[in-house]
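Report on one structure; see the data block that follows.
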Amino acid sequence: MWQRFSLYDIRVIGHYLGVLVLFSTIALLVPLLTAIACGEWVPATHYLLTIGIALILGSGLRFLRIEPGRLGRQQALAVTGFAWIVLAVVASIPLFMSGHYANYLDALFDGVSGITTTGASVILDLDHLSYADNMWRFMMHLLGGFGLIVVALSFGLFGKRAGASLYSSEGRSEHVVPNVVQTSQFIAKIGMGLIIMATAILSVVCLFIGMEPLRAVLQSLWLAISGFTTGGFAPMSQSVMYYHSLPLEIVLMLLMLLGSINFVLHSELWKGHVAVFFRDLEIRTMVLWLAVMTCVFAASLSASLNFSDLPAMLRRGVFMIVSAFSTTGFQNITTNQLTGALSSGAFLVVAILMAVGGSGGSTSGGVKFSRMGIIAKSIVATIKEALAPDSARVVVAYNHVGRRMITPEVVKEAMTVFTLYALTYVVGALVGIAHGYDATQAVFESISMASNGGVSSALASPGMPATLEVFYIVQMWAGRLEFVTLLALVVEIFVSFKPRRRAPHERERAAR
Amino acid sequence: MRTMFDRTTKTPGGFCAALRSCRMGWMLIALALAVSLAAAFSPLSAFADDDENLVNPQQRPDSSFIYDTSIAALGEADAYYDNQTVQVVGEVVGDSIREGVDGRHRWITLMAIEKGVDATVSVYMTAEQAAKIDTYGKYGTTGTKLQVRGTFHLVCAEHEGLTDLHADIVTVVEKGKLHEDAFDAGAFVPGAVAVAVGLVLLGVFYYLRERQR
């Protein structure tokens, strides 16, 4: 029987969403302070008003249930599912007020893209955007990259004894330390440490290439946030290409790689367990996958007229491969080159890299290496079973933070999520085609949205059809939640509205 | 726009020769008049770069050139535009990015808004040409408007496959402008009221929660 939401559930869910909305006011203080410090008075008024709206909305939602008690599993699922869209709605308010969006839907698109760390943008005249608005765009990446729930847990917003159901509902299952709150704090510490380090290095590079000190430091911070959270927003409209700097691109590639590796494996490296790191199924799948795809990409480019010389292939090709597989979305080639100058084979390789994505438990999107590795191991197990005698029991093991066995449950989870991703990619492509766009570009853009990749083939642009834009928003949301949370939520809402079918004895009693 | 090429005709006989010399005389007079009129009415900016009007060595004799084009057109350019001489006008945005260690060349980003959508192109120029820029566009600042004539590369071999425009002639069309935000206390009132209402609501919530405990 399907579970339903009761009125009590809705009030509890509303209360916790209110907690998250109130928490967003702290994040909104950062752009407000930036605006005041830089003398950007118009954006300052926008952020003050948004903080007020968030305070009213958050407090209002908390009134739904004054004493909510501890979150149940279903409630946690709903809080996580709705958190991404509710916070995106709040986030899009100052974006829309900036005047850099054609309409509110465009601002919401960027809000969802920022929070889900997709990185696709439909902003107008980005190069004239205020420091405060830019700061907010990257704060969205920071919150979304670590995971809204992880951030909230690490701040103790759900109490010190918050259940693991909240943590796992955001697509995470492994713990660095047994306590969920401590695990969240560990993830946040590692991330912030790497971002601060990268900001310092990038600032030196930006100063060397001739940028003003304030612009150099701020843009370095934003690029570091965007790179590590595998977000993809850039402070300039030309993305990473704007800086014309190889050292900057190398630092960003390292950051993207670190951001796309499971945080649990980060902790293993931190503890000095190097062998555990390199034996891991995810790392091995990643190395093999990237080696194969790089060869295909290089072969495809070699056969084409453009980018076939080694310096161009190395500089542009390697960066685009790292950006695509980590689902960051930075570009050091123009969108016109991506769709026109790159060979169609290389273009499709970029799409496939985004579709598969990075490691589970990282900031990357896509199907994830862990699932691809498990599916590959499951195929091996099936072949072994076919060849083995009837009496034999086939056991296939893999290393992922310790030795584990391939079980039907693990394979089912991997296959379900893989199928849901594949279906969403196909449906998104069909929606793009139905809107009259080129089929290859429609496939590319659909993958980019659902995998939270963010490399765009220019379908997502200001003034795009509203129906396509709404579909892409749903794709980004669903992809970030890895479908299961969202689908469970949709089914539960649907069932809750459906009239309850009475049991025979209840019907008889009602008839009397 | 493709270049035109000359056509010559031959006419036999003395009468024809006399007629031709007469026509030539009128043509020379007409030409002199046209040149003097053009010099009198043309804008000064058109002659701003006469001293820099050097021969472009990349311009092959048989190649055509696209003259005035838009940055948006270069943003959607196909192979036809590759290695062509183009001229674009746009606002300088961002920073002057140093190329290499010696700093003799700079990367400038030119931006233009067409039909409500912005388009940009990377321009590679000498440090002397970049020195003509007085303002770089950003929030609260409109950058210098430049006219750049140069060679467009769809996939530049010199710069590892970048799409860029190698500038030959750089002319300032319009100086940059500053338009900083003025502080207006009244504009903060709606925000301050909303924050006050929100804080009161939050205070009431905590009061009710404490009473329930």
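Of all residues in the range A:58-103, how many are under 24 Å from A:Tyr8 (Cβ atoms), crowded, with 22+ Cβ neighbours inside 10 Å and out of contact with any Leu (no Cβ under 7 Å at 6 or more places or on another chain)? Residues flagged as under 24 Å from A:Tyr8 (Cβ atoms), crowded, with 22+ Cβ neighbours inside 10 Å and out of contact with any Leu (no Cβ under 7 Å at 6 or more places or on another chain) within the range A:58-103 amount to 2.
A:Ser184 meets all of the listed conditions (1) closer than 27 Å to A:His400 by Cβ; (2) modelled with pLDDT of 95 or more; (3) not aromatic (Phe, Trp, Tyr) but one, namely (2). The set of residues in the range B:123-151 that are touching a helix residue (DSSP H, G or I) at 6+ places or on another chain (Cβ under 7 Å) and surrounded by fewer than 23 Cβ atoms within 10 Å (Cβ to Cβ) comprises B:Lys138, B:Tyr139. For the range B:151-163, residues that are more than 9 Å from every other protein chain (Cβ to nearest Cβ) and part of a strand (DSSP E or B) total 3. If you filter the range A:442-458 down to residues that are outside any loop (DSSP other than H, G, I, E, B) and among the aliphatic types (A, V, I, L, M), you find that the one that is surrounded by the most Cβ atoms within 10 Å (Cβ to Cβ) is A:Met449.
Can you work out which of the residues in the range B:171-195 that are in a helix (DSSP H, G or I) and either more than 8 Å from every other protein chain (Cβ to nearest Cβ) or more than 21 Å from A:Thr45 (Cβ to Cβ) (or both) is farthest from the chain's Cα centre (by Cα)? Taking the candidates together, the pick is B:Val189. Going residue by residue through the range B:181-200, is there one that turns out to be in contact (Cβ under 8 Å) with a residue 12 or more places away in the chain, in contact with a helix residue (DSSP H, G or I) (Cβ under 8 Å, 6 or more places away or on another chain) and closer than 30 Å to A:Leu246 by Cβ? No. Within the range A:455-474, the set of residues being farther than 15 Å from A:Gly436 by Cα and within 14 Å of another protein chain (Cβ to nearest Cβ) comprises A:Ser456, A:Pro462.
Among the residues of the range A:431-441, those that are without any contact (Cβ under 8 Å) to a residue 12 or more places away in the chain, in a helix (DSSP H, G or I) and not β-branched (Val, Ile, Thr) comprise A:Ala434, A:Ala439. Filtering A:Leu194, A:Leu207 for residues that are more than 24 Å from A:Ser121 (Cα to Cα), within 11 Å of chain B (Cβ to nearest Cβ) and in a helix (DSSP H, G or I) leaves a single hit, A:Leu207.
Identify all residues within the range A:411-440 that are crowded, with 20+ Cβ neighbours inside 10 Å and among the polar types (S, T, N, Q); write none if there are none. Scanning the range A:411-440 gives a single hit, A:Thr424. Those helices (runs of 4 or more DSSP H) of the range A:90-173 in which at least 3 residues are within 14 Å of chain B (Cβ to nearest Cβ), modelled with pLDDT of 95 or more and under 30 Å from B:Glu114 (Cβ atoms), considering only elements entirely within it, cover A:131-146. Looking across the range A:459-498, just one residue is within 21 Å of A:Lys368 (Cβ to Cβ) and surrounded by fewer than 16 Cβ atoms within 10 Å (Cβ to Cβ), and that is A:Leu487. The set of residues in the range A:223-242 that are within 12 Å of chain B (Cβ to nearest Cβ) and either in contact with a helix residue (DSSP H, G or I) (Cβ under 7 Å, 6 or more places away or on another chain) or under 14 Å from A:Met320 (Cβ atoms) (or both) comprises A:Ala234, A:Pro235, A:Met236, A:Ser237, A:Ser239, A:Val240, A:Met241.
The values are calculated or read from the model by the stated rules, or taken from the named source; none is laboratory data. Source: prediction; values computed, not measured. Ideal geometry is used to build each Cβ from the backbone, glycine not excepted, and the neighbour counts take in all protein chains shown.
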